[in-house]
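The values are calculated or read from the model by the stated rules, or taken from the named source; none is laboratory data. Keep in mind that this is a model prediction, so the values were computed, not measured. Using ideal geometry, Cβ is built from the backbone for each residue, glycine included, and neighbour counts are taken over all protein chains shown. Side chains are part of the model used for accessible areas, which takes the heavy atoms of the whole protein and leaves out ligands, DNA and RNA. Shrake-Rupley method; radii C 1.70, N 1.55, O 1.52, S 1.80 Å.
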Amino acid sequence: MSYISRLISFVGIDENQAELNRERFNEHAKQIPLMCAMLIINLVCMVYPHWQQAPALVIIVLPAILIALVSFRSYRIYRDLSRNISDAEVIKALRGTRYMFSMLGIIVILLSYALLYYAKPDMQIQVVYFLYMTLIGCIFFSMYILQSAVLITFIIMVPSFIFLVFLEDTIFSALAINGLLVSIVIISLVFTQYKRFKGLVKQKAVLLRQGERLRQLNDENKHLANIDTLTSLPNRRRFFTQLDELILRAEQHKNNKIIVGLIDLDGFKRVNDIFGHPTGDDLLIRTSQRLQDILGPGISLSRLGGDEFGLVMTQQDDINNVLEIGEKICDAMRTPFHLRDGTVQIAATVGFVEYPTMADNSKLLFERADYALCYSKQNSKGEPVLFSIEHEQIIREIARIEQQLNEADLDQELSIMFQPVVDIYEQRTSGFEALARWNNSVLGQVRPDIFIRSAEQMGTIGKLTTILLKKALDAASEWPEGLYMSFNLSTYDLASSQTILNIINIIEKSDFPSRNIVFEVTETAVMDDFEKANEALNLLKLQGAKIALDDFGTGYSSLSYVQRLPLEGLKIDRSFINEIANDENTKKIVQTIVTLCKNLHLRCVVEGVETKAQLVALEKVGCRHIQGFYFSKPLTPSKALEYLAQEITIPPEAMHAGWKN
Ligand code: C2E
Ligand code: CA
Ligand code: CA
């Protein structure tokens, strides 16, 4: 590009530089009011001294046309500044200023010629002064539109220079040369200034673009931070922010009901363990799709982590509809999933809570929905549960129990009851199960299953176990020789090496022979961490103690556990006994378990026997060891001694070893 064409493009208006053009327009428009004021003052000062010599056309009409022209243009530009005009309009407005400055230059030069013509000689210099002042002002005011600055300089400078030089007056010639030089200097200054301005606009544009990119990245980050990448559902964080937002809105409107639901998949872990993580992921994706298909408008679904999903419902006024949706979810989850590695069947548990009646903040809503979910898992398999006042009472009660478990003197308040296990072949008691009792100074008698569960949740079960075992062994040391004592252990006891060591220590110190101790554990206790539980049970076995599987038939009843654990006995769960007198199937199941025990040389105890009919039925299927209210309720240690004393005296040769198959 030649220097001239570069100059022309520098001076001109490039349609492709929208940002630059807009900035030029904005800067120019901001200066417009000042320019108008300058022109009016300059014109008045220029023509006023000549009002007696010059005609009205010169001193009134020409300035008036000029002021009208400039004011009109200025008004339009200034108005456009406040309107958000398009890029094309910006270019049009910039180009329009060329005409305005050209007209301005022509009128000013005509006016100056006319005034020079009418002016007295001593007043001519005043005309030249104002002409140049007006020009300098106009150059500065058109500095963002170089074309116009060059045009007006050319229109005013060339004729005035020629005219003044031709006057052949030294002063006017000097003025002409001086004016020319000054305007050249000013024009070059304006060029430099404009170049700097252009650079700044470019920099600003780059910064703006960088800012925009940053904003986009920020938005993307925010999106990713709120999305579960596997299922593309909102994640836990989004679930809580959304809930907080909805609660805030509901607080403002005072009438909004929100339902929060939690869904937990049952059996997902097994699929993950058997088929591997890719299949597990596949299952989660399919689950989320199935859930989305069921849920209608006004219900949002999130993945809270693992196999847990969250629901937020805003348009459900009828609680029956909510439970219906819960049932639909459970049904849908029970339908088999055809995955790439095979077909799997799982299930789901659902818990709901309602805002604001049952909880008024996101944390509490979550906790209570979770409580409803756990409640459903334990008590109403497969049925959705809505958190209710009763649940709240249970939670309060649990809190009171936990407080007392922390504060009470457990050594003093805990005690043991013994329930006899009767060998019906030999017609005598073969042992006792030790059952915990807690008589608290504030709460009174608390059920063992309840306080045991609380102690487990609090992580203090180990302390209770050691207190109870010590008391049980102390009392059992008073019994006649040969009776066994079974003692219940919790999952947490098996998982804690410290508790196992404490138990071993207590056994060693006790006078009761360790070979007559039977530790009862449940399948679920073993399942949580099989290796650890197995290790703990083997340690106890090394001490001479025996192990029995409690509540058999309620859990997985997996034969692999029976085979892999160091077991010497099974206890058939009470739930079978309720039915045994009337139900043939139950009878067959019990018979099968009894046969299994015989074949594996395991002692089989039946618990919860209450009636003669049950006893007769059990006898028929070959049960030998019976525990239950039919023979005796749990007894205090002293009552247990009395009970033993009352038992028919048995000839010494019939004395059993306490533990027979
Ligand atoms: P479990 O180990 O299955 O204990 C048997 C439960 O059945 C006892 O309830 C006993 O009183 C009750 N029972 C016995 N015969 C009958 C009967 O004929 N009919 C009925 N309806 N019930 C009968 P208990 O003492 O309330 O204990 C409940 C549960 O608390 C126990 O179930 C056990 O899981 C837990 N538990 C009790 N003591 C301890 C303990 O010292 N440590 C641990 N970890 N858990 C304990
Ligand atoms: Ca038991
Ligand atoms: Ca049991």
(message) Given the options S496, S490, S510, name the one that is among the small types (G, A, S) and open to solvent by 30 Å² or more (accessible area, probe 1.4 Å).
(response) S496
(message) Report every pair of residues separated by at least 6 positions or lying on different chains whose Cβ atoms are under 6 Å apart, first residue within the range 520-545 and within 14 Å of I503 (Cα to Cα), second more than 16 Å from ligand 2 (Cβ to nearest atom) and assigned to a helix (DSSP H, G or I).
(response) A536/I500; L539/I500; Q543/I504; Q543/I507; Q543/S514; G544/S514; G544/R515; A545/S514
(message) Yes or no: the range 29-51 includes at least one residue that is surrounded by fewer than 14 Cβ atoms within 10 Å (Cβ to Cβ), of a type in the set (K, R) and either assigned to a helix (DSSP H, G or I) or at pLDDT 90 or above (or both).
(response) yes
(message) If a residue counts only when it is within 10 Å of ligand 1 (Cβ to nearest atom) and under 53 Å from the mean Cα position of the chain (by Cα), which strands (runs of 3 or more DSSP E) contained entirely in the range 421-523 have at least 3 such residues?
(response) 428-440, 484-488, 517-522
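Listed here are the residues, each with its yes/no results for (1) modelled with pLDDT of 90 or more; (2) in the same structural domain as I593 (by TED's automatic domain parsing); (3) among the polar types (S, T, N, Q).
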site: E607; (1), (2), (3): yes, yes, no
site: A613; (1), (2), (3): yes, yes, no
site: A617; (1), (2), (3): yes, yes, no
site: R624; (1), (2), (3): yes, yes, no
site: G628; (1), (2), (3): yes, yes, no
site: S632; (1), (2), (3): yes, yes, yes
site: T636; (1), (2), (3): yes, yes, yes
site: N661; (1), (2), (3): no, no, yes
(request) Starting from residues that are within 16 Å of ligand 3 (Cβ to nearest atom) and out of contact with any Phe, Trp or Tyr (no Cβ under 9 Å at 6 or more places or on another chain), keep the ones in the range 523-551 and report whichever is farthest from D573 (Cα to Cα). (result) D550
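Conditions (1) among the β-branched types (V, I, T); (2) under 19 Å from R624 (Cα atoms), marked per residue:
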site	(1), (2)
I506	yes, no
S510	no, no
L537	no, no
K546	no, yes
Y561	no, no
(request) Find the residue count for the range 632-643, including only residues that are more than 11 Å from ligand 1 (Cβ to nearest atom), within 16 Å of L468 (Cβ to Cβ) and surrounded by 16 or more Cβ atoms within 10 Å (Cβ to Cβ). (result) 2
(request) Name the single residue, out of those in the range 517-551 being open to solvent by 20 Å² or more (accessible area, probe 1.4 Å) and within 16 Å of ligand 2 (Cβ to nearest atom), that is modelled with the highest pLDDT. (result) K546
(request) From (1) without any contact (Cβ under 8 Å) to a residue 24 or more places away in the chain; (2) under 60 Å from the mean Cα position of the chain (by Cα), pick out the condition that doesn't hold for D169. (result) (2)
(message) Exactly one of these conditions fails for M358: (1) within 29 Å of R396 (Cβ to Cβ); (2) open to solvent by less than 20 Å² (accessible area, probe 1.4 Å); (3) touching an Asp or Glu at 6+ places or on another chain (Cβ under 8 Å). Give me its number.
(response) (2)
(request) Go through R249, R270, R238 for me and flag whichever is more than 21 Å from the chain's Cα centre (by Cα) and open to solvent by 70 Å² or more (accessible area, probe 1.4 Å). (result) R270
(message) Please go through (1) at pLDDT 95 or above; (2) on the phi < 0 side of the Ramachandran plot for G444 and return the number of the only condition it doesn't satisfy.
(response) (2)
(request) Of the numbered conditions (1) surrounded by 14 or more Cβ atoms within 10 Å (Cβ to Cβ); (2) within 16 Å of ligand 3 (Cβ to nearest atom); (3) under 26 Å from C604 (Cα atoms), R453 fails exactly one; give the number of that condition. (result) (3)
(message) So, in the range 456-487, exactly how many residues are open to solvent by 60 Å² or more (accessible area, probe 1.4 Å) and among the polar types (S, T, N, Q)?
(response) 1
(request) Could you tell me whether I401 is farther than 30 Å from A645 by Cβ and among the aliphatic types (A, V, I, L, M)? (result) yes
(message) For the range 8-16, check the following and say yes or no: at least one residue is open to solvent by 60 Å² or more (accessible area, probe 1.4 Å) and touching a residue at least 60 places away in the same chain (Cβ under 8 Å).
(response) yes
